Structures are given as C-alpha cells and as structure tokens.
Amino acid sequence: MTTKRKRETRVEKQARTRAELIEAATAVFARRGYGGASVEEIAEQAGYSHGAVYSNFTGKADLFLAVFEDYMAERVGELAETQAALPATAPLETRARALADQWMERLGRDRESVLLHMEFIANGDRDPELARRFGTRSAAMREAVAGYIAAYQEEAGVELALPADDLAMVLRALGIGLAIESLVSPAAVRDELYGDFVELLVRLLRDAGSAEPTREDRGEEGA
C-alpha cells in the first residue's frame, strides 16, 4: 500500500521557500560579500526566480537581516544547549569556559559564519539603518550570556566585580576579536586560548567581587 505524501499548504510552501532563500543567501553573502551579492544570484542558487525573493523580502538588505537573524537564533540555541549539558553545580568559570570553547569549536568547523559576521559588522558601519537593526538583533546574544551570569549569581549568591551586562559585552567582543585574528593568523590562535582566558577572567572577577567590603565592614550597619 502506498502512502500519499501530505500536500503542502500555502503557508508551509512559503516557509520552505523562505528558508531555502535564506540558506542560499548565507552562502552567496559569505562568498561574494554584501556588496558583491545580487538578488538574482541568490535566487538562482536557491532554484527560484528573483521574483520569489521579492515575494518574501523587501530587498537585499531585508534578506541580509534575515540571514543574520537565523544566525543569531542558531547561536543562542547553541548557548542554551551548552549550558544545559553542564552539571547544575558547575561554577560560573566552568560555564563561561564552556561557552568560549563552543565558540572556538564552531569557528574551527564553520569559518563561513565568521566571514558573514564580518560582513554584518562592515556593512552596518556603512549604513546607519542597517547598524541600528543589526544592533537590535545582536543584543540577543549579549542578553542570553548576561542572563546566564545573572541567574548563576542569584542562585549561588556570588558577587562579581563587573555587572553581568558589562561582562557579557566584554566576553562577546573578545570572542569576535579572536575570530578575526584566527582568520588572518590561524596558527597564532590556539583552540584553548579563549577558554583559558575566560575561565581566568571570571575567576578573578568572582574573587574580586567576593573580597569587596560588606556594609558591616564599611560601618553602615543600621544606617
């Protein structure tokens, strides 16, 4: 007995078309850069007419942002999986190192995503509106990391010498910087470098935060 394949609804077909266009755009933007990529080439790689692009996106910039959104959603998902795999009792420096090591592992197997990230940064700098929209979407990564840090601090009663938001910003910027260095000098950036530094930094910030005087130590009790 044969089983009939379920016929796609209009919504399902549109979602599939959109996903395939984003997948093709990811490859073309990484290969050509934002300026060198064209809607026609993206459509051709996906197997569609360029009209299909305009049926799903307002233009190249909108498609570029969709690629970035997919990338950021994937990264946030990877962070969640990495944290979920750790024991509940894992200290903050171990959790931070796991995120750093995961980034370096991704960098080693998917350099295309790093090239894309550079395109996002470069073109955001040239186009204020793109920069604003990229910034809004990019904040999701920092917020996710800051959320993990803040949650751990609350659960463990641990103080850090930097606010969670600031630490998340520094860790993200450091990861991007190492990715750039890895592109131009692969042999100079060892796989463990980011994790080693992040683990040391978080431990130092935790120890410094714990060493700060309490209200009682400062003579503020009952103030």
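The values are calculated or read from the model by the stated rules, or taken from the named source; none is laboratory data. As the structure is a prediction and not an experimental result, all values here were calculated from the model. Quick reminder, even Gly has a Cβ in these numbers, built from the backbone with ideal geometry, and neighbours come from all protein chains shown. We work out accessible area using only protein heavy atoms, side chains counted, and drop any ligands, DNA or RNA first. Shrake-Rupley method; radii C 1.70, N 1.55, O 1.52, S 1.80 Å.
Counting other Cβ atoms within 10 Å, which trypsin sites (Lys or Arg not before Pro) in region 1-96 have at most 10 and lie in a DSSP loop? Working shown, then result.
Numbers: sites: K4, R5, K6, R7, R10, K13, R16, R18, R31, R32, K60, R75, R95; in loops: K4, R5, K6, R7.
Within region 1-96, the qualifying trypsin sites (Lys or Arg not before Pro) (loop, at most 10 other Cβ atoms within 10 Å) are K4, R5, K6, R7.
Accessible area per residue for region 40-86 in Å², computed with a 1.4 Å probe and the full protein assembly in place, what is it?
On the way: 2150 Å² over 47 residues.
Result: 46 Å² per residue.
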Simple Cβ-charge dipole of the chain, Lys/Arg +1 and Asp/Glu -1, about Cα centre, in debye nearest 20: 1340 debye
Computed over region 38-81, Cα set: Rg, Dmax in Å: 12.8, 37
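For the chain, state the average projected area of the convex hull of the C-alpha atoms over all orientations, rounded to one decimal in nm².
19.0 nm²
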Pair-distance profile P(r), taking every C-alpha pair of region 86-216, with 5 angstrom steps and integer %: 2, 10, 17, 20, 18, 14, 10, 5, 2, 1, 0
Kirkwood-Stokes translational diffusion coefficient of region 1-116, alpha-carbon pairs, 20 °C, 1.002 mPa s, µm²/s: 130 µm²/s
Accessible-area ranking of E154, E112, largest first, probe 1.4 Å: E154, E112
Axial C-alpha extent at least 15 Å, average Kyte-Doolittle at least 0.5 - helices from the chain (DSSP): 164-184, 193-211
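Based on the Kirkwood radius over alpha-carbon pairs, what is the Stokes-Einstein translational diffusion coefficient of region 104-164 at 4 °C with 1.567 mPa s viscosity, in µm²/s?
Reported coefficient: 93 µm²/s.
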